[in-house]
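One structure below.
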Amino acid sequence: MVDNLQPPTNTSEAVHQATQREWARKHYLRDHMREDALPLDELKLLDQRLARWTADRQKEGKLPPDWELHAKSVALAKEFRNNRDEARPIFTVEEQRDTDASRAASALRDRIDGDQDYGPALRQVCVEYAVSNALGEFDARRRVTDRFDELYGRPVSDYAKEQRRDYLRRWVTDQQRQGKLPSEAEIREKNVNVHEAMLPYQKHITRQEKLRMRSDGAYWRRVEDFADEIKGNIDTERRYTRMLRDCGIAGASAHGKSYNQVKGDIEDRFTLRNLYTPAEYYDRLESGDRDARQQPSGKGADRAGDQERKSRSSKSREDDEYER
């Protein structure tokens, strides 16, 4: 005799329902935590883990898309309140390691996309993952690289090689601008191996990174994050002066250094990663915007979009000029 009051135990639908109930439990507990339950940095980490845990389960097919989850969230929360079990932690140890591995793989991809050298980027990400999850560095590296392969469908070394080609082109342009490399035609005539020419530069940068991380690792990781934030702000808002100032003040107060030193270190890190100073990178994007606006367009929607971008860029330039 079948007991229809008991849910199925070995079907995919039962797994999906259990995963949705777990999703509701995690988010209900997070949403109803006291404001002083965790420090801000730990709350941010918890939110990132929740987002990654959800994304991983969606990738496995155990959770529906975000819009469907949000539509069901009220009913799921009600079900959890009626049958809740708050004794368990929000994440088990293995869940924390899995979600942090996904976060580390995503951070590694962002670093590679930002033209950071593959070796130091992988080492920094794995060290942070190992420390936060009480693992050895070798085990952390294996978990992060395996998760990178799962998420992006190729080994991290192959992905880094593809991104390296674009960085090589920009490095050659930067060296030619400084007069340290011949022109493109001379490079082709003399069969100059630009990969070998860039190798001493990369080794020098790697040595600098190791020395800095040994001396003051937390500070230099913070500087690197600041440089990434500034680049993202230039890419999206075409502004950087105010953010550079705010980052310099925050770094100086957090690490006991002078504002000018932190500001200079951020600019140096930005230049090292992007082969342009913040001002040069900003001017380069602005020049591209001006060239795009000068292109004739026969569509009214395109013209309206150009006008909107022009207005936004003009306002951003005025703000930056005022802040300077």
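Given the protein chains as shown and a 1.4 Å probe, how many square angstrom of Leu244 are accessible, to the nearest 10?
Using a 1.4 Å probe on the heavy atoms, I get roughly 10 Å².
Expressed as a whole number of Å, what is the distance separating the alpha-carbon centroids of the stretch 58-72 and the stretch 237-286?
39 Å
Once phi is turned into ³J(HN,Hα) by the Karplus curve 6.51 cos²θ - 1.76 cosθ + 1.60 with θ = phi - 60°, what whole-Hz value does each residue of the stretch 146-159 show in order, with x for glycine and proline?
Using θ = phi - 60°, the values come out as 5, 5, 4, 4, 5, 6, 10, x, 7, x, 5, 5, 5, 5 Hz.
Can you check what the Kirkwood hydrodynamic radius comes to for the stretch 43-112, Cα pairs only, in Å to one decimal?
Details: mean 1/r = 0.0731 Å⁻¹.
One over the average 1/r among Cα pairs gives 13.7 Å for the stretch 43-112.
To the nearest 10 Å², what's Asp31's accessible area with a 1.4 Å probe?
110 Å²
With the full set of protein chains in place, find how many percent of the accessible area of the stretch 72-189 is carbon and sulfur; take the probe as 1.4 Å.
Working: 3130 of 6510 Å².
Ligands and nucleic acids excluded, carbon and sulfur reach 48 percent.
Shape of the stretch 72-182 from its Cα gyration tensor (a ≥ b ≥ c, root eigenvalues): rounded if a/c is under 1.5, otherwise prolate when a/b > b/c, or oblate?
Cα axes put the stretch 72-182 in the prolate bin.
Give me the net charge for the shell around Gln261: Cβ to Cβ below 12 angstrom, other residues only, Lys and Arg +1, Asp and Glu -1. Can you show the working numbers first?
Numbers: positive: Lys257, Lys263; negative: Asp216, Asp265, Glu267, Asp268.
That sum, taken over residues with Cβ under 12 Å, equals -2.
If I ignore ligands, DNA and RNA and count only protein heavy atoms, how much of Met243 is accessible to a 1.4 Å probe, in Å² to the nearest 10?
Taking all protein chains as shown, Met243 has close to 50 Å².
In whole Hz, what ³J(HN,Hα) sequence does the stretch 27-43 give by Karplus (6.51, -1.76, 1.60; θ = phi - 60°), x for Gly and Pro?
Whole-Hz 3J(HN,Hα) from phi for the stretch 27-43: 6, 5, 4, 5, 5, 10, 6, 5, 4, 9, 5, 9, x, 4, 5, 6, 5.
Full-extension gain between Lys78 and Lys210, please, as 0.36 nm times their residue separation minus the C-alpha to C-alpha distance.
Here the segment from Lys78 to Lys210 would lengthen by 42.3 nm.
DSSP loop GluC sites (Glu not before Pro) in the stretch 60-145 with at most 11 other Cβ atoms within 10 Å of their Cβ, which ones? Provide the component values of the computation, followed by the final result.
On the way: sites: Glu60, Glu68, Glu79, Glu86, Glu94, Glu95, Glu128, Glu137; in loops: Glu60, Glu86.
Sparse-neighbourhood loop GluC sites (Glu not before Pro): Glu60, Glu86.
Could you pull out which residues in the stretch 65-96 have an amide N less than 18 Å from a spot 7 Å beyond the Cα of Asp139, following the Cα-Cβ vector?
Correct set: 92-96.
For Tyr152, Tyr28, what's the largest-to-smallest order of accessible area, 1.4 Å probe? Intermediate values should be presented prior to the final figure.
Working: Tyr152 55, Tyr28 30 Å².
Per-residue accessible area, sorted high to low, gives Tyr152, Tyr28.
Quick one: length gained pulling Arg290 to Ile249 fully straight, 0.36 nm per residue minus the C-alpha distance?
Result: 11.5 nm gained on full extension.
Keeping every protein chain present and rolling a 1.4 Å probe, give me the accessible area per residue for the stretch 16-143 in Å².
Numbers: 7140 Å² over 128 residues.
Value for the stretch 16-143: 56 Å² per residue.
The values are calculated or read from the model by the stated rules, or taken from the named source; none is laboratory data. Remember, it's a predicted structure, so these values are computed and weren't measured experimentally. No Cβ is skipped: glycine too gets one built from the backbone with ideal geometry, and neighbour counts run over all protein chains shown. Side chains included, ligands, DNA and RNA excluded: accessible areas come from the protein's heavy atoms. Shrake-Rupley method; radii C 1.70, N 1.55, O 1.52, S 1.80 Å.
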